[in-house]
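The values are calculated or read from the model by the stated rules, or taken from the named source; none is laboratory data. Computed from a predicted structure; not experimentally measured. With ideal geometry, Cβ positions are generated from the backbone for all residues, glycine too; neighbour counts draw on all protein chains shown.
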Amino acid sequence: MEEKEIVAKNLALYRKKAGISQLELAKKLNYSNKNVSKWENGETTPSIFILHEIAKLYGVSVDDFLQEATVDKQEEVVENAKASKRRLKIFRMSMLLLSNAILFAVATVIIYILGIFGVTTFNKWLVYFYVSPLCVLSVVIYVRVLCKYVSILGVSAIGWLLCGMFFLSFSNVRSIALIFVLGAAYQFIATLISILVNLHLSNLVSTKFNEIKKKIRKKREK
């Protein structure tokens, strides 16, 4: 078997063992999935720089792509991939909890300061309600990374929380209830955008952006 065929076979083998799709790998490398497909079919061979990046993702060395993969090496790739996913999940969850904790800590400080200065023009405990859209936003970002179809729920929650925040803060303003009409309009727009995103229209923009980054990278390699 020629070296080019061995590299192509190992690229496909290690990717599957790592539980990564061609599209996921392409996004991580800022290339198109067509490039990944050509590499694995043996039509083209990635540069040594790209091989090095792929090797880091799989927890192997570049030399492992140049020789027949052993059973032990395949099992090692699977374990490395599982460990990497666990670490990533723990890191994301930690960042989510930390960001929300910071938001409520800041809100508590603001409430304390308002109490010191004796502010009575509005209910200072509403500050906790004010930071709730930011908390939901952090959850949306977290969920967006994991599941783009669920994030519309968080986006909707942000809009209605903002409407509720303004309604409670300016309840003495005439016709303030009309704020919920804006909320309905926001819900319609958010749902429409979600549908468009799920129809993969955003991938067209992403592909163009990746092509530009790929051209820049190739110029740097030269």
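So that you can scan it fast, the table gives a plain yes or no per residue for (1) among the charged types (D, E, K, R); (2) within 17 Å of Lys17 (Cα to Cα); (3) modelled with pLDDT under 85:
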residue: Glu43; (1), (2), (3): yes, no, no
residue: Ile54; (1), (2), (3): no, yes, no
residue: Val60; (1), (2), (3): no, yes, yes
residue: Asp64; (1), (2), (3): yes, yes, yes
residue: Ala69; (1), (2), (3): no, yes, yes
residue: Glu75; (1), (2), (3): yes, yes, yes
residue: Glu79; (1), (2), (3): yes, yes, yes
residue: Ala83; (1), (2), (3): no, yes, yes
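Does Phe170 meet the test of being surrounded by 12 or more Cβ atoms within 10 Å (Cβ to Cβ) and either at pLDDT 70 or above or more than 28 Å from the chain's Cα centre (by Cα) (or both)?
yes
Looking at Leu13, Leu51, Leu66, just one residue is in contact with a helix residue (DSSP H, G or I) (Cβ under 8 Å, 6 or more places away or on another chain) and within 22 Å of Lys82 (Cβ to Cβ), and that residue is Leu13. Checked against (1) touching a residue at least 40 places away in the same chain (Cβ under 8 Å); (2) β-branched (Val, Ile, Thr); (3) touching a Leu at 6+ places or on another chain (Cβ under 8 Å); (4) over 19 Å from Lys82 (Cα atoms), Val36 meets all criteria but (1). Screening Ser61 against (1) over 30 Å from Tyr142 (Cα atoms); (2) without any contact (Cβ under 8 Å) to a residue 24 or more places away in the chain; (3) exposed (fewer than 12 other Cβ atoms within 10 Å of the Cβ) leaves a single unmet condition, (3). Would a scan of segment 10-17 turn up a residue that is closer than 13 Å to Ala55 by Cβ, in contact with an Asp or Glu (Cβ under 9 Å, 6 or more places away or on another chain) and either among the aromatic types (Phe, Trp, Tyr) or free of Cβ contacts under 8 Å to residues at least 40 places away in the same chain (or both)? Yes, there is a match, as at least one residue in segment 10-17 is closer than 13 Å to Ala55 by Cβ, in contact with an Asp or Glu (Cβ under 9 Å, 6 or more places away or on another chain) and either among the aromatic types (Phe, Trp, Tyr) or free of Cβ contacts under 8 Å to residues at least 40 places away in the same chain (or both).
Looking at segment 131-160 only, could you name the residues that are assigned to a loop (DSSP other than H, G, I, E, B), touching a helix residue (DSSP H, G or I) at 6+ places or on another chain (Cβ under 9 Å) and either modelled with pLDDT of 80 or more or not basic (Lys, Arg) (or both)?
Listed by number, the residues that qualify are Tyr149, Val150.
Selection of segment 34-49 for residues being assigned to a helix (DSSP H, G or I), surrounded by fewer than 17 Cβ atoms within 10 Å (Cβ to Cβ) and out of contact with any Asp or Glu (no Cβ under 9 Å at 6 or more places or on another chain) yields Lys34, Lys38, Asn41, Ile48. Select from segment 86-122 the residues that are in contact (Cβ under 8 Å) with a residue 24 or more places away in the chain and within 21 Å of Phe170 (Cβ to Cβ) and write down the one among them that is surrounded by the fewest Cβ atoms within 10 Å (Cβ to Cβ). Applying the filter and picking the extreme gives Phe122. The single condition among (1) within 24 Å of Lys215 (Cβ to Cβ); (2) surrounded by 14 or more Cβ atoms within 10 Å (Cβ to Cβ) that Leu23 does not meet is (2).
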